[in-house]
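*Asks:* Take this structure, written in structure tokens, and hold onto it; I'll ask about it next.
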Amino acid sequence: MNTPTLYRRRFIPDELIELKDDVILAMEKDLVITKWVTLHPRKDIARGISAFYLDRGIKVSKIFDKNGRLVYWYCDIIQTKISEENNTVIMEDLLVDVILYNDGSMRIMDLDELADALEQHLITQQEAAYALRTLHSLLEIISGGRFHLLQEPVNQAERL
């Protein structure tokens, strides 16, 4: 596959956005690493580097402010739709997020949005179950002290 066109699909709000300004730093069978700037200007964050673990359903992003300081690590639960025919990769955001702060604290976000999406039939029961199981897997990685294994490809890409 030539370098594919990357898209981000969100369910709430309903949108499909081409990640045309993202720079692909690495692309392997089950891993895509990109660097990007925010789509819309924000005061709290400016840019980031993301690793899409296609086989795990996890996107791990290292988020920086406008001065290049680390703000936090942000993890999205995703599912991926790959079309070799159209040469596209669609990363579907399954709503649930985990933020890891510099002080070691953690915040799980948007479980209410997952419930809303399920009730409104924006996602299937199977997708909701997948999101929750993937969240559980991510939390096991974090609590087991293995999150650094997901961070390392991002940190290596940052040094390039």
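The values are calculated or read from the model by the stated rules, or taken from the named source; none is laboratory data. This structure is a prediction, so every number in the text was calculated from the model and none was measured. Positions of Cβ are backbone-derived with ideal geometry, glycine not excepted, and every protein chain shown enters the neighbour counts.
*Asks:* Which of the residues that make up the stretch 33-44 are of a type in the set (Val, Ile, Thr) and at pLDDT below 95? Walk me through it before giving the result.
*Replies:* Let us first name the residues in the stretch 33-44 that are of a type in the set (Val, Ile, Thr), namely 33-34, 37-38.
Those that are of a type in the set (Val, Ile, Thr) and at pLDDT below 95: VAL37, THR38.
*Asks:* Starting from the stretch 60-74, keep only residues that are farther than 13 Å from TYR101 by Cβ, then list their pairs with residues that are of a type in the set (Lys, Arg) whose Cβ atoms are within a distance under 6 Å, requiring at least 6 positions of separation or different chains.
*Replies:* From residues that are farther than 13 Å from TYR101 by Cβ, the pairs are PHE64/ARG47.
*Asks:* Would you check if there is a residue in the stretch 24-46 being touching a residue at least 60 places away in the same chain (Cβ under 8 Å) and farther than 17 Å from GLU152 by Cβ?
*Replies:* Of the residues in the stretch 24-46, the ones touching a residue at least 60 places away in the same chain (Cβ under 8 Å) are 25-26, 31, 33, 35.
Pick out the ones that are also farther than 17 Å from GLU152 by Cβ and you get none.
Among the residues of the stretch 24-46, not one is touching a residue at least 60 places away in the same chain (Cβ under 8 Å) and farther than 17 Å from GLU152 by Cβ, which makes the answer no.
*Asks:* Right, here's the next one. Among the residues of the stretch 62-96, write down those that are within 22 Å of GLU18 (Cα to Cα), over 11 Å from the mean Cα position of the chain (by Cα) and not β-branched (Val, Ile, Thr).
*Replies:* Correct list: PHE64, LYS81, SER83, GLU84, GLU85, ASN86, ASN87.
*Asks:* Please state which of the following conditions LEU95 fails to meet, knowing it meets all the rest: (1) on the phi > 0 side of the Ramachandran plot; (2) without any contact (Cβ under 8 Å) to a residue 40 or more places away in the chain.
*Replies:* Result: LEU95 fails condition (2) only.
*Asks:* In the stretch 4-23, what residues are in contact (Cβ under 8 Å) with a residue 60 or more places away in the chain and surrounded by fewer than 14 Cβ atoms within 10 Å (Cβ to Cβ)?
*Replies:* Once the filter is applied, which keeps residues that are in contact (Cβ under 8 Å) with a residue 60 or more places away in the chain and surrounded by fewer than 14 Cβ atoms within 10 Å (Cβ to Cβ), the stretch 4-23 yields ASP14, LEU16.
*Asks:* Being touching an Asp or Glu at 6+ places or on another chain (Cβ under 8 Å), modelled with pLDDT of 95 or more and of a type outside the set (Phe, Trp, Tyr) narrows it down to one of ILE123, ILE99, ILE90, ILE78, so name that one. Please lay out each step first, then the result.
*Replies:* On the way: ILE123 fails: touching an Asp or Glu at 6+ places or on another chain (Cβ under 8 Å); ILE99 fails: touching an Asp or Glu at 6+ places or on another chain (Cβ under 8 Å); ILE90 fails: touching an Asp or Glu at 6+ places or on another chain (Cβ under 8 Å).
After ruling out the rest, the residue left standing is ILE78.
*Asks:* From ILE49, ILE17, ILE45, ILE33, grab the single residue that is assigned to a loop (DSSP other than H, G, I, E, B), within 17 Å of ASP76 (Cα to Cα) and aliphatic (A, V, I, L, M). If you could, list the steps in order and put the result at the bottom.
*Replies:* Details: ILE49 fails: assigned to a loop (DSSP other than H, G, I, E, B); ILE17 fails: assigned to a loop (DSSP other than H, G, I, E, B); ILE33 fails: assigned to a loop (DSSP other than H, G, I, E, B).
Going through ILE49, ILE17, ILE45, ILE33 in turn, just one is assigned to a loop (DSSP other than H, G, I, E, B), within 17 Å of ASP76 (Cα to Cα) and aliphatic (A, V, I, L, M): ILE45.
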